[in-house]
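Okay, structure first, notes after.
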Amino acid sequence: MPGRKAPIIELSPRQREALTRLVRQPTTEQRVAARARIILAAAQGGLNQEIAQRLGLEPDTVCKWRGRWARAREQLSAAEEDAQVSALSRCIVDLLVDAPRSGRPGDFTPEQIVQIIAIACEDPEAEAERPISHWTPREVADEAMKRKIVARISRRTVGRFLKSDRS
């Protein structure tokens, strides 16, 4: 029993160049590079099953990204007509990254996180009148609650905020 016919992928020279550059750049996320390889392979033709086998992926993965690319044809054409050279590359990367997922919203807003990190950048003695020379996550958490930035926050959460800021 034959399945659905896979959409035909036609790439412009600029699209092919941008995808090839993504695959070759060492800073490209591996999942984005794999998706770019899928599109490049699909443009050469062939069944999803064959492309999946050649690239070491699941056929459903090839089907998903090939379909997403085909549905974005107008979006890609518009980006290609944009005067900025980077518009097409940005459009392609946006297309190949994971779509936002639903889920529980975070407990803290970005503004609150920034304010908490700002506390850690202050001089604890001079600005917060605390008899310490350096902030600890516990002290930052206490100060954030004292300033009513948040109602409650654990020292571990503050530690995660501060650690992620250093990367």
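Restricting the GluC sites (Glu not before Pro) of the stretch 93-128 to loop positions (DSSP other than H, G, I, E, B) with no more than 15 neighbouring Cβ atoms within 10 Å leaves 122.
Let me spell out the model: positive unit charges on the Cβ of Lys and Arg, negative unit charges on the Cβ of Asp and Glu, origin at the Cα centre of the chain. What dipole size does that give, in debye rounded to 20?
Values: 29 positive and 23 negative charges, 176 e Å.
The calculation lands at about 840 debye.
Binning the alpha carbon pair distances of the stretch 65-124 at 5 angstrom intervals from zero yields the distribution 4, 14, 15, 12, 9, 10, 13, 12, 7, 3, 2, 0, expressed in whole percent.
Helix 155-165 axis versus longest C-alpha principal axis of the chain: approximately 50°, rounded to the nearest ten. Seen against the Cα atoms of the chain and their longest principal axis, helix 110-121 is set at about 50 degrees. Converting phi to 3J(HN,Hα) with the Karplus coefficients 6.51, -1.76 and 1.60 and the offset θ = phi - 60°, the stretch 7-17 yields x, 7, 9, 10, 10, 6, x, 5, 5, 4, 5 Hz in sequence order, with x at every glycine or proline. Using the Karplus relation 6.51 cos²θ - 1.76 cosθ + 1.60 with θ = phi - 60°, the per-residue 3J(HN,Hα) values for the stretch 70-76 come to 4, 6, 9, 3, 5, 4, 5 Hz, with x marking Gly and Pro. Exposed loop sites were defined as trypsin sites (Lys or Arg not before Pro) in DSSP loop states (anything but H, G, I, E or B) carrying at most 10 other C-beta atoms within 10 Å; in the chain the longest segment without such a site runs 6-100.
We did not get these values from a lab; they are worked out from the coordinates using the rules stated. Because the structure is a prediction, the values reported are computed rather than measured. Reconstructed Cβ throughout: ideal geometry from the backbone, glycine too, with neighbour counts over all protein chains shown.
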